[in-house]
Amino acid sequence: MFETERLFVRHFQADDLDVFAALCADPQVMRYVGDGQLLTRDEVNHWIEVCQQKYRDRGYGTSAVFEKASGTFIGYCGVVRAPGNEFDELIYVFNIEAWGKGYATEVGRAMIQYVFGISTLDRIYATIHPENLVSIRVAEKIGFQHIRTEIDEDGTPVSVHVIERG
């Protein structure tokens, strides 16, 4: 799909199941992801299938992120529309070893540019747990603006941010 200075991003493939499932089984990683529940291997396998369908339907979705230097899978990033939502949102999740290196900001900026470049979207949102201050800071660095705080469909508070095509 695309590369940044230190990372490369590609569509998820079936052979990513082991590393993707390990990421989604880590309680620290998943703490602020959705309702915070860990995902089973079968759930992750289904997610890969959904991602592949989204690539075919829309040209983008949740994608695998790798370090260029090592070739190591470090997490995922994408612009997605969750079931029941009327908007597309940026998501990014990385394994603990990748935290604090600026990867989320680097790949998030590139993902926004990529999706605006291939879609007709006028804006992309980010919904972030209000206690996840690191993720809020990443969104701000990318250029997102806070617009409100609300309760999502899981009953979880979320800080809603938006970036517009520009």
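Against the list (1) among the hydrophobic types (A, V, I, L, M, F, W, C); (2) more than 23 Å from A139 (Cα to Cα); (3) surrounded by fewer than 18 Cβ atoms within 10 Å (Cβ to Cβ), the condition M1 fails is (2). Exactly one residue among F144, F94, F87 is in contact (Cβ under 8 Å) with a residue 12 or more places away in the chain, farther than 25 Å from L7 by Cα and hydrophobic (A, V, I, L, M, F, W, C), and that residue is F87.
So is T120 at pLDDT 95 or above and among the hydroxyl-bearing types (S, T, Y) or not? Show your work before the answer.
Values: at pLDDT 95 or above: no; among the hydroxyl-bearing types (S, T, Y): yes.
The answer is no for T120.
The residue of region 133-158 that is surrounded by the fewest Cβ atoms within 10 Å (Cβ to Cβ), among those that are touching a Ser or Thr at 6+ places or on another chain (Cβ under 8 Å) and under 20 Å from Q37 (Cβ atoms), is P157. Look at (1) buried (at least 17 other Cβ atoms within 10 Å of the Cβ); (2) more than 28 Å from V134 (Cα to Cα) and you find that H46 fails only one, number (1).
Only residues that are assigned to a loop (DSSP other than H, G, I, E, B) and under 17 Å from L90 (Cβ atoms): list them for region 146-166, please. I'd like the intermediate steps shown before the answer.
Our first condition is that a residue be assigned to a loop (DSSP other than H, G, I, E, B); within region 146-166, this holds for 152-156, 165-166.
Matches in region 146-166: D152, R165, G166.
Picking from residues in region 44-81 that are aromatic (F, W, Y) and at pLDDT 95 or above, the one that is nearest to T4 (Cα to Cα) is F66.
Within region 99-124, which residues are more than 17 Å from E3 (Cα to Cα) and either out of contact with any Asp or Glu (no Cβ under 6 Å at 6 or more places or on another chain) or surrounded by fewer than 20 Cβ atoms within 10 Å (Cβ to Cβ) (or both)?
Just the residues of region 99-124 that are more than 17 Å from E3 (Cα to Cα), to begin with: 99-100, 119-124.
W99, G100, S119, T120, L121, D122, R123 - these are the residues of region 99-124 that are more than 17 Å from E3 (Cα to Cα) and either out of contact with any Asp or Glu (no Cβ under 6 Å at 6 or more places or on another chain) or surrounded by fewer than 20 Cβ atoms within 10 Å (Cβ to Cβ) (or both).
Would you mind finding the one in L23, L7, L38 that is of a type outside the set (D, E, K, R), at negative phi and without any contact (Cβ under 8 Å) to a residue 40 or more places away in the chain? Don't jump to the end; show me each part of the working.
Numbers: L23 fails: without any contact (Cβ under 8 Å) to a residue 40 or more places away in the chain; L7 fails: without any contact (Cβ under 8 Å) to a residue 40 or more places away in the chain.
Answer to the selection: L38.
The values are calculated or read from the model by the stated rules, or taken from the named source; none is laboratory data. On a predicted model such as this, the values are computed, not experimentally measured, just so you know. All Cβ positions, glycine included, derive from the backbone under ideal geometry; neighbour counts span all protein chains shown.
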